[in-house]
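Written out below as structure tokens is the structure these notes cover.
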Amino acid sequence: MCRFLAWTGQPRTLESLVLDPPFGLLRQSYAPRRQKYGTVNADGFGVGWYSPSRPEPARYRTSQPLWSDESFASIAGVIESGCVLAGVRSASVGMPVEVTATAPFTDGRWLFGHNGFVPDASVLRGLLPRGAVPESRVDSALLWAMVSAQLDAGRPAAAAVADIVTAVGEATPGRMNLFLTDGEQLVASAWGDTLWVRETTDGVLVASEPESENDADADADADNEADSTDWHELHDRTLLIVEQGRITTSALGGDPQEGAA
Ligand code: GLN
């Protein structure tokens with residue numbers, strides 16, 4: 001399983017979001033604390049971010065581990081953005097390790113990520129829109145092809161994510177924590193995996209797991225109880241929308257299920 005982080009708010013550097021936090025994505029690439037499936041996230045990483053100069057995001061991705069990329073570390077301190085989606089990847093069993101399988105996926109102004117696994121590839125392929133050509137056979141790329149077809153048809157982002165997660169979820173067991181943003185609105189689903197949100201004075205962080213020292217240990221350590229209020233874990237089968245600093249959540253359809261292996 002992968003680990004994701006999204007930020008929307010005042011501009012922050014990629015370094016401060018991805019590399020600096022004591023239990024942030026860099027640490028999560030080799031020692032995640034809340035990961036239920038997989039142990040390390042060494043099959044690549046990607047970062048997408050928006051700049052005021054154009055509506056389409058910039059995207060950097062590679063199939064190498066985050067910890068080994070000195071070039072990214074060198075530039076991350078001088079890139080600032082008010083909307084970032086980043087992820088470290090642990091390829092699911094049977095999935096290819098290649099750059100085209102690495103999130104974030106992008107098209108036009110959209111960035112997309114998937115934390116989870118839909119094991120039955122034939123069911124997924126059967127749900128692909130006619131004529132869709134996913135850039136990789138990884139399940140995430142197939143899900144992206146489905147979501148982006150809805151966006152192309154004019155469906156709002158939240159509805160597109162909710163529709164695809166529930167349609168695929170009805171057809172086959174799977175874990176689908178999806179992340180979708182256009183730089184203005186951020187949508188995420190909790191469907192089978194961990195998802196946390198933290199409101200700060202200058203923006204909102206959404207993450208697969210908390211990145212700060214005390215928060216993730218809070219429920220195991222009474223001394224840290226005060227910090228635990230910073231991060232909130234979302235219930236399974238929840239849709240999260242963040243827009244202009246406002247957070248809304250709603251239930252996604254169906255009964256909670258055990259995550260697919
Ligand atoms: N199934 C996706 C992949 O193989 C996502 C993996 C994950 O969440 N670990 O890339």
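The values are calculated or read from the model by the stated rules, or taken from the named source; none is laboratory data. In this text the structure is predicted, and so the values were computed from the model without any measurement. Backbone-built Cβ (ideal geometry, glycine too); neighbour counts: all protein chains shown.
Here is a yes/no grid of residues against (1) buried (at least 17 other Cβ atoms within 10 Å of the Cβ); (2) part of a loop (DSSP other than H, G, I, E, B); (3) away from the ligand (no atom under 15 Å from the Cβ):
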position	(1), (2), (3)
GLY116	yes, no, no
LEU124	yes, no, no
GLY131	no, yes, yes
GLU135	no, yes, no
LEU143	yes, no, no
VAL147	yes, no, no
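Just one of the listed residues (GLN64, GLN10, GLN35) is closer than 23 Å to THR181 by Cα and of a type in the set (S, T, N, Q), namely GLN10.
Quick one: in segment 149-185, which of the residues that are surrounded by 23 or more Cβ atoms within 10 Å (Cβ to Cβ) and of a type in the set (S, T, N, Q) is farthest from ASN115 (Cα to Cα)? Selected residue: THR181.
State all residues of segment 72-85 that are surrounded by fewer than 20 Cβ atoms within 10 Å (Cβ to Cβ) and either more than 13 Å from GLU15 (Cβ to Cβ) or at pLDDT below 95 (or both); if no residue qualifies, say none. Scanning segment 72-85 gives a single hit, GLY82. Scanning segment 6-23 for residues that are out of contact with any Phe, Trp or Tyr (no Cβ under 6 Å at 6 or more places or on another chain) and assigned to a helix (DSSP H, G or I) gives LEU14, GLU15, SER16, VAL18, LEU19.
Residue count for segment 149-189, restricted to those that are out of contact with any strand residue (DSSP E or B) (no Cβ under 6 Å at 6 or more places or on another chain) and within 16 Å of the ligand (Cβ to nearest atom): 6. Taken over segment 91-106, the criterion of being surrounded by fewer than 16 Cβ atoms within 10 Å (Cβ to Cβ) and assigned to a helix (DSSP H, G or I) is satisfied by VAL99, THR100. Filtering segment 60-90 down to residues that are in a strand (DSSP E or B) and charged (D, E, K, R), which residue is nearest to the ligand (Cβ to nearest atom)? Across segment 60-90, the extreme among qualifying residues is ARG61.
For the criterion of being closer than 27 Å to GLN185 by Cα and assigned to a loop (DSSP other than H, G, I, E, B), PRO57 fails.
When only residues in segment 41-54 that are not hydroxyl-bearing (Ser, Thr, Tyr) and not in a strand (DSSP E or B) count, which is surrounded by the fewest Cβ atoms within 10 Å (Cβ to Cβ)?
If we take residues in segment 41-54 being not hydroxyl-bearing (Ser, Thr, Tyr) and not in a strand (DSSP E or B), then PRO52 is surrounded by the fewest Cβ atoms within 10 Å (Cβ to Cβ).
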